[in-house]
Amino acid sequence: MTAIDDVLADARIPTTRREGFDVGAALRRLAADAAGPAARPTADMVRAAQAGQRLSVVCRWILNRPDAADHVDCLAQEPDALQDDRHLDVDGALIFACLLHLTDHRESAQFWWQLAAGAGHRAAAYCLHLHHLALGETREACHWLHEVTDDVLDSDAPDSTFLATLEAVAKYVRKSGASLASAPTGGLEMEIDRLATTKADSCIIVRRPDQRLADRLHDFTRR
């Protein structure tokens, strides 16, 4: 036997099972290690998940308001808000943003919420608070919470009651698992996707709704 044969013999991996070795127990230990502390959600992760759930509930509740389609109808007839927001229907911007969020156009939703919040709509600021909290963006979330709770801009008196109602609805749904409002239909999703694919130039924001989307939303709210 040569020297290299001796080295290979010493390096050979034994194939015989060690007496008393429990394969099942070893697999269970591996599974326990994989599900250890590193796999458990942190407090920040739980808070972000709860914010995302609450935002979806709030968006669905807003979208199902009896006057939702009327406001989006007004928004559809206004000049392009990307060019001129002086006569913006802020409720329409809020509702449109909620529809965009529920159909997974999150950047566009953020833009329209910001338009409404910039015009003093606290419900839109509250949505932005939850939106940034769900993304783990604490500083931005705190900024928009400040806009909700402080009188930086004049806002209509019903806003505080409206937000209290949103909080109550969101908490009830999260605890009970019940759904108090319908999610967007496939028809609404298709209309949003149509608007998203006809954006002008290289703009990534879904522009204002058109009459076709407003008509579809009228059908949705009349169900």
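The values are calculated or read from the model by the stated rules, or taken from the named source; none is laboratory data. Computed from a predicted model, the values in this text were never measured in an experiment. Note: ideal-geometry Cβ built from the backbone for every residue, glycine included; neighbour counts use all protein chains shown.
Summary of values
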read-out	value
Selected residue (only one of A32, A39 is under 26 Å from L133 (Cβ atoms) and either touching a strand residue (DSSP E or B) at 6+ places or on another chain (Cβ under 7 Å) or modelled with pLDDT under 90 (or both))	A39
Output for region 140-156, where each listed residue is charged (D, E, K, R), farther than 14 Å from H121 by Cβ and at pLDDT below 95	D150
Residue list for region 52-70, filter: buried (at least 20 other Cβ atoms within 10 Å of the Cβ) and over 17 Å from S108 (Cβ atoms)	R54, V57, V58, R60, A68, A69
Residue within region 203-219 that is more than 25 Å from A117 (Cα to Cα) and at pLDDT below 85 present	no
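The rows are residues; the columns are (1) surrounded by fewer than 24 Cβ atoms within 10 Å (Cβ to Cβ); (2) without any contact (Cβ under 8 Å) to a residue 60 or more places away in the chain.
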residue	(1), (2)
D89	yes, yes
A93	no, yes
F96	no, no
L99	no, no
T103	yes, no
R106	yes, yes
F111	yes, no
A116	no, yes
A125	no, yes
